[in-house]
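Here's the structure we're looking at; comments come further down.
Just so you know, all these numbers are worked out from the coordinates, no wet-lab data involved. Only a predicted model underlies this, so the values are computations on that prediction, with no experimental measurement involved. Every residue, glycine among them, receives a Cβ derived from its backbone with ideal geometry; neighbour counts consider all protein chains shown.
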Amino acid sequence: MNVSMADVLVLIRIYPEEPDSDLEDIVDRVRRSLPEKVVLRDYRSEEMGYGLSSLLVGFTMPDSEGVLEELEEALRGVEGVSEISVEHVTRIL
């Protein structure tokens with residue numbers, strides 16, 4: 001019996017370093033920094049109040065050990081990113 005590993009969908013909130021950061025630029029830099037098996041599926045900007053915005057980004061990746069941690073590390077190294085927060089993780093078939 002051949003069992004294939006499922007993928008996971010991960011929603012990560014990305015907080016920019018500056019309130020007036022160009023969020024599209026940050027998304028472009030995120031795309032260029034992704035680990036090999038990670039795919040950026042969708043994103044949107046969300047107002048947080050007081051003129052601040054964040055990005056909510058959906059990624060898919062294999063459900064294997066270390067891949068999410070590798071993504072988190074890559075995102076933290078992106079120029080213009082202040083913080084990240086994993087909002088949701090779910091398996092997809």
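Odds and ends about this structure:
- Derived value for the chain: Kirkwood hydrodynamic radius 13.7 Å. Basis is the mean of 1/r over every pair of different alpha-carbon atoms.
- Seen against the Cα atoms of the chain and their longest principal axis, helix 23-33 is set at about 40 degrees.
- Cα centroid separation, the range 78-93 to the range 19-69 (Å): 6
- Cβ-based net charge around ARG91, under 11 Å, with every Lys or Arg adding one and every Asp or Glu removing one: -2
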